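What follows is one structure encoded as structure tokens, with my remarks underneath.
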Amino acid sequence: MSAESIDGKALAEELRAGFKARVAALAAHGQRPGLAVILVGEDPASQVYVRNKVNACEAAGIFSQKLVYPADVDPATVLAKIAALNADPAIHGILVQLPLPRQFDEKAVLEAIAPAKDVDGFHAENVGALAQGNPRFIPCTPYGVMKMLEKHGVELVGREAVVIGRSNIVGKPMALLLINAGATVTVCNSKTRDLAAHTRRADILVAAVGKPRFVTAAMVKPGAVVIDVGINRLPADEGGKLCGDVDFAAVKEVAALITPVPGGVGPMTITMLLANTIEAAEREIRT
Ligand code: NAP
């Protein structure tokens, strides 16, 4: 039996439609949510991500400010800008597009963002709050995954969840969210011995590896829910298309629910960024 595909695009549209009323309610208070996006350098993928974020803000009625710096900018210039944005009442969310060029201390940059404006949820204070089960901002990609699981009524309490990948952006916060939701969670990495022995136990399998078609059908338990976070560009001789970390065609014959790439987790990530920015503006009104 072929798995049901989780339509991230449709869910993203549904959620974004719901944001309209929240943005209108803020407008009634004279408030417009504002997001500042900082881009350093000319990495083509980062440029696309930033453009998509700015366009999504515009469509949702969120004010956005794009700040672009050359790759060789002095980090002090960017840190000074972050300090100014921290104090700017028109800005509720600040995002620094990663990765940053080598002269930057990435951690120092993320820590410079005021925790109350850290809509990516990467500041140590917000990571700590998430670890304690009391999140202020949930990192956008794993937040989107949780929304997909919720939408499809996927039970998490008492179930085995396996996350492949332990990055600060995806794997670790994903694992924390699943732990907080009551799943029994295993986090795998590149040194994990007998990876398939772990993944075959998973009722919920999340792949955040960055390797095309890494998860094969033999690694998946029949009836599992498979979430593919990976976004990989295939080489030109293979069509140059986007491809996930999961061998979709084969795994969908084993799984019960599966996310495609594109059209799965990707559209949810930006949607949850909008959600966090609106939430940040709402909090300001409440305080
Ligand atoms: P990352 O920082 O490179 O982390 C990859 C993780 O995979 C690492 O923890 C690594 O282990 C692990 N890994 C690599 N090879 C492995 C193997 N053979 N067996 C088991 N684990 C292995 O990447 P990331 O930022 O988490 O992103 C992962 C993927 O998601 C990428 O394709 C990225 O483009 C995509 N992504 C998508 C979205 C979205 O919106 N859909 C958002 C963010 C990222 P070690 O720690 O041991 O090296």
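The values are calculated or read from the model by the stated rules, or taken from the named source; none is laboratory data. Everything numeric here is computed off the predicted structure, so don't read it as measured data. Quick reminder, even Gly has a Cβ in these numbers, built from the backbone with ideal geometry, and neighbours come from all protein chains shown. The protein model used for the area step is the full one, side chains on, heavy atoms only, and it has no ligands, DNA or RNA in it. Shrake-Rupley method; radii C 1.70, N 1.55, O 1.52, S 1.80 Å.
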- Specify the residue that is surrounded by the most Cβ atoms within 10 Å (Cβ to Cβ); the eligible residues are those in segment 216-236 that are at pLDDT below 95 and in a loop (DSSP other than H, G, I, E, B). L234
- Task: Could you list, in sequence order, all residues of segment 81-111 that are within 19 Å of C57 (Cβ to Cβ), open to solvent by 20 Å² or more (accessible area, probe 1.4 Å) and among the aliphatic types (A, V, I, L, M)?
- Result: A90, L98
- Item | Selection within segment 214-239 - under 25 Å from K147 (Cβ atoms) and of a type in the set (K, R) | K221
- Query: Looking at segment 7-52, which of its residues are in contact with a strand residue (DSSP E or B) (Cβ under 9 Å, 6 or more places away or on another chain), open to solvent by less than 30 Å² (accessible area, probe 1.4 Å) and not in a strand (DSSP E or B)?
  - Reply: P33, G41, S46, V50
- Query: Just to be sure, is L205 open to solvent by less than 20 Å² (accessible area, probe 1.4 Å), at pLDDT 95 or above and within 15 Å of the ligand (Cβ to nearest atom)?
  - Reply: yes
- Kindly list, by first and then second residue, each pair from a residue in segment 137-162 that is open to solvent by less than 40 Å² (accessible area, probe 1.4 Å) to a residue that is of a type in the set (F, W, Y), limited to pairs with Cβ atoms under 9 Å and residues at least 6 apart or on different chains. F137/F122; F137/Y143; P139/F122
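For segment 146-165, state whether one or more residues are assigned to a loop (DSSP other than H, G, I, E, B) and of a type in the set (K, R). Break it down stepwise before answering.
Here is the first cut: in segment 146-165, the ones assigned to a loop (DSSP other than H, G, I, E, B) are 152-159, 165.
Add one more test, that the residue is of a type in the set (K, R), and what stays is 159.
Looking through segment 146-165, at least one residue is assigned to a loop (DSSP other than H, G, I, E, B) and of a type in the set (K, R).
Could you tell me whether A83 is part of a helix (DSSP H, G or I), touching a residue at least 24 places away in the same chain (Cβ under 8 Å) and not aromatic (F, W, Y)? Before you say what the answer is, go through the steps one by one.
Working: part of a helix (DSSP H, G or I): yes; touching a residue at least 24 places away in the same chain (Cβ under 8 Å): yes; not aromatic (F, W, Y): yes.
It is true that A83 is part of a helix (DSSP H, G or I), touching a residue at least 24 places away in the same chain (Cβ under 8 Å) and not aromatic (F, W, Y).
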- Query: From the list M174, M268, which one is part of a helix (DSSP H, G or I), surrounded by 18 or more Cβ atoms within 10 Å (Cβ to Cβ), touching a residue at least 60 places away in the same chain (Cβ under 8 Å) and not polar (S, T, N, Q)?
  - Reply: M268
- Checked segment 116-145 for anything among the aliphatic types (A, V, I, L, M) and in a helix (DSSP H, G or I); matches are A116, A124, V127, A129, L130, A131, V145
- Looking only at residues in segment 237-265 that are part of a helix (DSSP H, G or I) and surrounded by fewer than 24 Cβ atoms within 10 Å (Cβ to Cβ), which one is farthest from the ligand (Cβ to nearest atom)? D237
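Inside segment 214-232, can you point out the residues that are farther than 26 Å from G153 by Cα and either out of contact with any strand residue (DSSP E or B) (no Cβ under 6 Å at 6 or more places or on another chain) or more than 10 Å from the ligand (Cβ to nearest atom) (or both)? Full working, then the answer.
Going residue by residue through segment 214-232, those that are farther than 26 Å from G153 by Cα are 214, 232.
Selection gives F214 alone.
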- Task: Report, ordered by the first and then the second residue, all pairs with beta carbons closer than 6 Å, sequence separation of six or more or different chains, a first member in segment 182-193 that is touching a residue at least 12 places away in the same chain (Cβ under 8 Å) and over 26 Å from L149 (Cα atoms), and a second member that is in a loop (DSSP other than H, G, I, E, B) and within 6 Å of the ligand (Cβ to nearest atom).
- Result: none
